[in-house]
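The values are calculated or read from the model by the stated rules, or taken from the named source; none is laboratory data. A quick note: this is a predicted structure, and the numbers were derived from the prediction, not measured. Reconstructed Cβ throughout: ideal geometry from the backbone, glycine too, with neighbour counts over all protein chains shown. The accessibility values were calculated without ligands, DNA or RNA, using every heavy atom of the protein model including side chains. Shrake-Rupley method; radii C 1.70, N 1.55, O 1.52, S 1.80 Å.
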Amino acid sequence: MTHNIILRFILLNITGLVCLGLFQVSVASVVSTGDFNKDFFVAWSPSHVINSADGRSRSLKLDQQSGAGIASNKMFLFGQVDMQIKLVPGYSAGTVLAYYLTSDQPNRDEIDFEFLGNVTGQPYIVQTNIYADGFDNREERIYLWFDPTKDFHTYSVLWNLHQIVFMVDKIPIRVYRNHADKGVPYPRWQPMSVKATLWNGDSWATRGGHDKIDWKKGPFIASLTNYKLDGCVWKGNPRFCRAASPTNWWNQYSFSTLSSSQRRWLRWVRKYHMIYDYCQDYHRFHNHLPTECSLPKY
């Protein structure tokens, strides 16, 4: 009798621990509410952040007084972020809209979309960059194949243990693979928040700083809507975020590399729309390109 009671007690405790573990994994992932007022806070210049009545849309304004920025309330370690954005219309030279994930640490990790303003009639440039352990110098630039000021388009980052994929309307425009086993830095330990900022970058953003902001054409406004934050919410233990569970869908095998269709789209973007690739800039790196440049992307 005593033996059975002890055995039953042990089984109940084991079951409880397993359930607790599953519960901790399940609550680690969140699908956002879609309400900026609930999922984001104003990081700077509240007077330059414009909210819709229902909280579903938010605009950032840049003028001579200030730009603006917002940041997610939670931090994530892996997942996917989608944001629909309509960029600054007309003459936007010198402006920069940044949409990115960042750990905000001295040796920060960061995954960047930067939209570089243009002179009216010229194509918009999208610059992507990756910081790992505080180091960047991994810029790529493309021309968008549409006018991003006429309507909203979806810009996404998939970040998991295997790869980082930048996407525009679900089309991959860049892949940065995890080659940490070969000594290539990869963001995999630091949780990151999601941010969007609009600011004056006319010292470098448009034609290397040649085209400046024309404040007479301001204020400059970029709009955000229909975002989705589907990631592992940071609870202090990376183990739950690294698990390949149904909740952490981004860590599953099917997302460890690009599909054949995605590879075709990526090749198309790189062939017809890429204008700068750090892995081809021999002069910048004195003929010693970073290690990842000679390694496979998928």
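So how do F41, F78, F135 rank on accessible area, 1.4 Å probe, biggest first, that is with the largest at the start?
F135, F41, F78
Can you give me the pair-distance distribution of region 212-298, C-alpha pairs, 5 Å bins, whole percents?
Whole-percent P(r) values from 0 Å outward: 2, 9, 10, 11, 12, 16, 16, 14, 8, 3, 0.
Compute the normalised compactness of the chain: alpha-carbon radius of gyration over 2.2 N^0.38 Å, N being the residue count.
Ratio of Cα Rg to 2.2 N^0.38 Å: 1.13.
Using the heavy atoms of the protein chains and a 1.4 angstrom probe, tell me the accessible area per residue for the chain in square angstrom.
Value for the chain: 49 Å² per residue.
To the nearest 10 Å², what's D214's accessible area with a 1.4 Å probe?
40
Would you kindly state how much longer the chain becomes between R242 and S254 on full extension, computed as 0.36 nm times their sequence separation minus their alpha carbon distance, in nm to one decimal?
Gain on stretching R242 to S254: 2.8 nm.
How much net charge surrounds L229 when only the other residues with a Cβ under 9 Å from the Cβ of L229 are counted, with Lys and Arg +1 and Asp and Glu -1?
Spelling it out: positives minus negatives among the neighbours equals -1.
Quick one: how many lysine pairs does region 161-240 have with C-alpha atoms less than 26 Å apart and a gap of 8 or more or different chains? Give me the count, please.
6
What number does region 176-250 give for Rg over Rh if you use C-alpha atoms and the Kirkwood radius?
So for region 176-250, dividing Rg by the Kirkwood Rh gives 1.14.
Give, as ranges by residue number, the residues of region 71-94 whose backbone N falls under 15 Å from the point 7 Å along Cα→Cβ of F152.
82-88
Per DSSP H run of at least 4 residues, take -39500 (n - 2.57); add these up for the chain, divide by its residues and hand me the 222 nm value, nearest 500 deg cm²/dmol.
-5000 deg cm²/dmol
Quick query: amide H of Y227 versus all other amide H atoms, modeled in the peptide plane; which residues come in under 5 Å with a sequence gap of 5 or more or a different chain?
Q84
Treat each spin label as a single point 7 Å out from the Cα along the C-beta direction, and report the H210 to R267 distance in nm.
Placing both labels 7 Å beyond Cα along the Cβ direction yields 3.4 nm.
On the protein heavy atoms, probe 1.4 angstrom, tell me the percent of accessible surface of region 142-285 carried by carbon and sulfur.
53
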